[in-house]
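The values are calculated or read from the model by the stated rules, or taken from the named source; none is laboratory data. Computed from a prediction, not measured in an experiment: that's the story for all the values here. A quick note on method: Cβ atoms are made from the backbone with ideal geometry, for glycine too, and the neighbour counts reach across all protein chains shown.
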Amino acid sequence: MTCLETELEGRPCGELLESCIPVLETERLVLRAPRFEDARAIAAVADDRRIAEMTANLPHPYAEKHAENWIANAWSGPDHPFLITLKTNGAPIGATGFVMPELGDPEIGYWLATAHWGKGYATEAARAVVDHLFTQHGVAAVAASARVVNPGSRRVIEKCGFQWIGVGLMRSRLLASSVPVDKFRLDRSTWASIKAWRDPILRRSVPEGLTD
Ligand SMILES: CC(C)(COP(=O)(O)OP(=O)(O)OC[C@H]1O[C@@H](n2cnc3c(N)ncnc32)[C@H](O)[C@@H]1OP(=O)(O)O)[C@@H](O)C(=O)NCCC(=O)NCCS
């Protein structure tokens, strides 16, 4: 039985769905369910060709109705998106999430408003989604991919600990064609090693004289 089916009847659909979607908090961000009242703000930041050309499905131009459609379908199928918001003021600045296929590894994805590129937000958000998948979904591995012409996204993937496993093709909605992508994978043992690797300087902070 799904979370939705266990909820009490009679609650508004949006509220019911949102109550099932986790909120992921990081140092600077809150990742949460997108709501219909976010649609205008989402359209304002998503309407940029530089974002659409690197993602598979983001429409361009991006109108409020596209945001509403995205919100309406969130978490009802394989797509599990989070809105990325700033902790300081709650402003939506992008989206992340994962696709959970019936077979194979879940794949993460993300995009960020161009005004917020280069501040480490995508890495911060992607790491939160990766942690969520390993800790809450018990997955064996997580997948990611990036267009071969997208070094920024490749760097985000690498900073999350993923390893390159090969190349493939992605269908681009904007370009109406298939484009080459690099494919990456992060398995549970590698993720666990990264999470366990604390700053070695801290381990040395014992009183002088007790060290070798
Ligand atoms: C890719 C994207 C999500 C990155 O967001 P971001 O918040 O700027 O990412 P971060 O700041 O966490 O990290 C970006 C890294 O890429 C590096 N980078 C950015 N552009 C680069 C380029 N042209 N060449 C090499 N490295 C680049 C940055 O220096 C940074 O690495 P560093 O921390 O080692 O310096 C953002 O540019 C975006 O939304 N692009 C359009 C949509 C997209 O590509 N989505 C991913 C689809 S796979």
query: Got a sec? Which of S178, S189 is closer than 18 Å to L58 by Cβ and either more than 9 Å from the ligand (Cβ to nearest atom) or at pLDDT 95 or above (or both)?
result: S178
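Strands (runs of 3 or more DSSP E) wholly in the stretch 17-135 with at least 2 residues that are in contact with a Leu (Cβ under 7 Å, 6 or more places away or on another chain) and at negative phi - which ones?
29-32, 79-86, 92-99
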message: Just to check your reading of the model, which residue among A63, A72 is of a type in the set (G, A, S), surrounded by fewer than 21 Cβ atoms within 10 Å (Cβ to Cβ) and within 19 Å of T114 (Cβ to Cβ)?
response: A63
- request: Determine which single condition N57 fails, assuming it passes every other condition in (1) without any contact (Cβ under 8 Å) to a residue 60 or more places away in the chain; (2) within 22 Å of D182 (Cα to Cα).
  value: (1)
message: Please pick out the residue among D38, D131, D105, D48 that is within 12 Å of the ligand (Cβ to nearest atom) and modelled with pLDDT of 95 or more.
response: D48
query: Could you list, in sequence order, the residues of the stretch 147-171 that are in a helix (DSSP H, G or I), of a type in the set (D, E, K, R) and more than 7 Å from the ligand (Cβ to nearest atom)?
result: R154, E158
